[in-house]
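The values are calculated or read from the model by the stated rules, or taken from the named source; none is laboratory data. Quantities reported herein were computed from a predicted structural model and do not represent experimental measurements. Here Cβ is always computed from backbone atoms with ideal geometry, including for glycine, and neighbour counts include all displayed protein chains. Surface accessibility is based on the protein's heavy atoms, side chains included, excluding ligands, DNA and RNA. Shrake-Rupley method; radii C 1.70, N 1.55, O 1.52, S 1.80 Å.
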Amino acid sequence: DDRQLTLFVKLALCTGGRVSSIVNIRKKDINLATQVVNLKDFKMGTTYKAFIPDNLVDMLAKRLREIKNDDEVINVKGCKSLRSNIDKAMPLVLNKLFNQGLDKNDRKNRTVIHTLRHTFASHLAINGTPIFTIQKLLNHKDIAMTMRYAKLAPDSGRVQVNELYK
């Protein structure tokens, strides 16, 4: 279902959640009034909050009206393993859009599902988000994991320095 894949991609790009976190979001995990979603981080064994941007609220509100409180937000009728379905469908889309002409073993340049998480973090860094905020939003236990994005914000602090003694 294209609507489900679109919602999956938007949630991944807007929350930075891993695949397992996104496919396990239930209606009860979302609070549209505060624009917060509780994500389960199966890798870390924790739950953390992510923010729902304004441009995703209407799409989520429509989806939430269609499902019950304990239902997954992303689901496909008759599908026993949504994760398996995403793992099969997304590479086809990503290969068609981004991986044309790449060698199958080219892991450095290949766009994969996890690239959505990296894109989220990269865009935050490029837009000047403090590195500790990015760490929190990605639910990284160790700041060293987050530091790979620091190089994307070479002017980080420039505005603050310019405003310091005005």
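Taking every protein chain into account, the 1.4 Å probe leaves K151 with about 150 Å² of accessible area, to the nearest ten.
Could you order E66, E72 by accessible surface area, starting with the largest, using a probe radius of 1.4 Å?
E66, E72
Look at (i) 152; (ii) 108; (iii) 215: the one that is volume of the Cα convex hull per residue in Å³ derived from this structure is (i). The order of H118, H140 by accessible area, most exposed first and with a 1.4 Å probe, is H118, H140. As a fraction of the 1.4 Å probe accessible area of the range 75-166, surface on carbon and sulfur atoms comes out at 56 percent. Looking only at chymotrypsin sites (Phe, Trp or Tyr not before Pro) in DSSP loops with at most 13 other Cβ atoms within 10 Å, what is the longest site-free stretch of the chain? Longest site-free region, per DSSP loop and neighbour criteria: 43-164.
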